[in-house]
Amino acid sequence: MTVAFPHTIENGAGETLTFVRVVPTDRGDRLEVESRALAGAGPPMHVHHLQEEAMTVLSGKIGYQMPGGPPQYAEAGESVVFAPGVAHRWWNAGTTELHATGWMAPPLNGRYFLTALFDSMKRSGGKRPGLFDVAFLLTRYRSEFAMLEIPAVVQRLLFPILLVVGRLLGKYGRYADAPPAARVD
């Protein structure tokens, strides 16, 4: 996937994400982003196994939470950082649009994964990604990402069946250019 910067994606559920640029740092590359979310919008509980994620609120109010923890909030000028491997979710906790900047480091397949996931959500009416798409994406990129809202038993038992059926039905042609998953040493 070769896409010029900046590149904006929208999921049909009130979230817009702009990939601004990749910036080299003394700790490696990081993908800088700009995010906008309507009131209540935001991703479900998820994990970036290998990437640190940070968000700085420009306007609005972000809510965020880790499993079992209380909701927390940040407003304009405040930042939130999620370490690699820490499950979390975030949402627009205000009544106006949330506008934030942030980054993911290292980028790995974050840009591809999120673009494909947002596209699937938009094609499915904005509520959630299509089942065949999520089975493909979460299986291929399981070393990088997980969605905790999908029960583990569904991922272990149903996803392999969906992958076979999806291949037989030709559902995965759109992923012909999918990069290989990041390897964990």
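Here are a few things to note about the model shown:
- Filter result (without any contact (Cβ under 8 Å) to a residue 60 or more places away in the chain and surrounded by 17 or more Cβ atoms within 10 Å (Cβ to Cβ)) within segment 1-17: THR16
- Summed over segment 79-124, residues that are assigned to a loop (DSSP other than H, G, I, E, B) and under 19 Å from TYR172 (Cα atoms) total 2.
- Residue selected from segment 9-30 under the condition in a strand (DSSP E or B) and in contact with a helix residue (DSSP H, G or I) (Cβ under 6 Å, 6 or more places away or on another chain), by the criterion farthest from LEU108 (Cα to Cα): ILE9
- Exclusive hit being out of contact with any helix residue (DSSP H, G or I) (no Cβ under 8 Å at 6 or more places or on another chain) and more than 23 Å from LYS122 (Cα to Cα), set PRO71, PRO6: PRO71
- Members of segment 44-96 that are of a type in the set (S, T, N, Q) and without any contact (Cβ under 8 Å) to a residue 40 or more places away in the chain: GLN65, GLN72, SER79
- Options ALA146, ALA100: the member that is buried (at least 18 other Cβ atoms within 10 Å of the Cβ), over 22 Å from GLY12 (Cβ atoms) and in contact with a strand residue (DSSP E or B) (Cβ under 7 Å, 6 or more places away or on another chain): ALA146
- Filter pass, ALA93 being surrounded by 15 or more Cβ atoms within 10 Å (Cβ to Cβ), in contact with a Pro (Cβ under 9 Å, 6 or more places away or on another chain), under 24 Å from LEU38 (Cα atoms) and outside the structural domain of LEU50 (by TED's automatic domain parsing): no
- When ALA105 is tested against the conditions (1) within 21 Å of PRO179 (Cβ to Cβ); (2) among the hydrophobic types (A, V, I, L, M, F, W, C); (3) in contact with a Leu (Cβ under 6 Å, 6 or more places away or on another chain), the lone failure is (3).
- Of all residues in segment 167-185 being over 22 Å from the mean Cα position of the chain (by Cα) and either surrounded by 12 or more Cβ atoms within 10 Å (Cβ to Cβ) or not assigned by TED's automatic domain parsing to the domain that holds PRO129 (or both), the one that is nearest to SER143 (Cα to Cα): ASP185
- Filtered residues of segment 134-178 (kept if over 21 Å from GLY85 (Cα atoms) and among the charged types (D, E, K, R)): ARG167, LYS171, ARG174, ASP177
- Subset of segment 137-173 [assigned to a helix (DSSP H, G or I) and in contact (Cβ under 8 Å) with a residue 40 or more places away in the chain]: ARG140
The values are calculated or read from the model by the stated rules, or taken from the named source; none is laboratory data. Keep in mind the model is a prediction, meaning the values are calculated, not measured. Please note: Cβ atoms are built from the backbone with ideal geometry, for glycine as well, and neighbour counts cover all protein chains shown.
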